[in-house]
Amino acid sequence: MPHPTPFDATRLRFTLDLPAWAVAELNALPTHLATPEERMAAVLKFAQINFQQGTGGPFAAGVFERDTGRLVVIGVNRVLASNCSSAHAEVMAISLAQQLLGVYDLGGPGLPAHQLVVNWRPCAMCFGAVLWSGVRSLVIAGDGPELEQITGFDEGPVTPVWRTELAQRGIELVEDVLREPALAVYREFAASQQFVYNARQGATAA
Ligand SMILES: [Zn+2]
């Protein structure tokens, strides 16, 4: 029996992209951002615009050359817009950086050390993505329950020894960079009453 809608190559691929405003914002940024605070400030701006524009959740992540501060790319959450549950900001940023640089390993031979800057500790999925990306440095605005408490997003079962796992793989961790401004973005998102796509889904009904 033939498939009612036959498979063909044009349907067996997918595209993830950044919204038009993000392209314009990237071009408006300096080529280099010297400090972790400057890099996080740029990431927070993208996270804020993303939900304000209705193009995704309040999450952004940037890939930079760790030592020079050269901006490689900043990505934002694109889950709803892309019909793709894995289109988290970290996956977007890492994947776009790899495409822009033409490598699958951001820590490959001959490359400068790359740093991922994220507006909270990566979720269960993105923690794995960070480990496999080749980045040598992870900068986060914070960790802990505040993100889930404020926004309702589920961050999943991140291993309690996540710091040790990073260290064992040679990935340095810088924490609490612009923590309060990051929480302010989440509070603004919560006050906007926008849709939280994975809140309590999969939980057994009471
Ligand atoms: Zn994630």
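The values are calculated or read from the model by the stated rules, or taken from the named source; none is laboratory data. Remember, it's a predicted structure, so these values are computed and weren't measured experimentally. Neighbour counts run over all protein chains shown; Cβ positions are idealised from the backbone, glycine included.
Can you say whether TYR197 is in a loop (DSSP other than H, G, I, E, B) and within 15 Å of the ligand (Cβ to nearest atom), as far as the supplied structure shows? Here the answer is yes, as TYR197 does meet what is asked.
Evaluation of LEU111 against the conditions (1) in a loop (DSSP other than H, G, I, E, B); (2) within 14 Å of the ligand (Cβ to nearest atom); (3) aliphatic (A, V, I, L, M) shows that the sole unmet condition is (2). Here is the figure for the range 77-97: residues that are more than 12 Å from the ligand (Cβ to nearest atom) and either closer than 18 Å to VAL23 by Cβ or buried (at least 20 other Cβ atoms within 10 Å of the Cβ) (or both) total 5.
Considering only residues that are more than 16 Å from the ligand (Cβ to nearest atom) and outside any loop (DSSP other than H, G, I, E, B), look in the range 151-164 and name the one that is surrounded by the fewest Cβ atoms within 10 Å (Cβ to Cβ). Before you say what the answer is, go through the steps one by one.
Filtering the range 151-164 for residues more than 16 Å from the ligand (Cβ to nearest atom) gives 160-161, 163-164.
Then keep just the ones that are outside any loop (DSSP other than H, G, I, E, B); that gives 163-164.
Working: ARG163: 15, THR164: 10.
The qualifying residue surrounded by the fewest Cβ atoms within 10 Å (Cβ to Cβ) is THR164.
Given the criterion at pLDDT 95 or above, within 22 Å of ASN50 (Cα to Cα) and either part of a helix (DSSP H, G or I) or among the aromatic types (Phe, Trp, Tyr) (or both), identify the matching residue among ALA182, ALA167. Before the answer, list the steps.
Values: ALA167 fails: within 22 Å of ASN50 (Cα to Cα).
After applying the criteria, what remains is ALA182.
For first residues located in the range 125-139 and within 24 Å of THR68 (Cβ to Cβ), partners that are within 13 Å of the ligand (Cβ to nearest atom) and assigned to a helix (DSSP H, G or I) and lie 6+ apart or on another chain with Cβ distances below 7 Å form the pairs ALA129/GLU90; ALA129/VAL91; ALA129/ILE94; VAL130/GLU90; SER133/ILE94; LEU138/VAL130. Evaluation of ALA61 against the conditions (1) within 15 Å of the ligand (Cβ to nearest atom); (2) assigned to a helix (DSSP H, G or I); (3) aliphatic (A, V, I, L, M); (4) at pLDDT 95 or above shows that the sole unmet condition is (2).
Pairs are defined by a Cβ separation below 6 Å, a sequence spacing of at least 6 or placement on different chains, a first member in the range 80-96 that is without any contact (Cβ under 8 Å) to a residue 24 or more places away in the chain, and a second member that is hydroxyl-bearing (Ser, Thr, Tyr) and within 10 Å of the ligand (Cβ to nearest atom); no pair meets this definition. Entry remark, the range 21-62: residues being within 15 Å of MET92 (Cα to Cα) and not β-branched (Val, Ile, Thr) number 12 in total. Selection over the range 101-138 of residues that are out of contact with any Lys or Arg (no Cβ under 7 Å at 6 or more places or on another chain) and buried (at least 19 other Cβ atoms within 10 Å of the Cβ) gives a count of 16.
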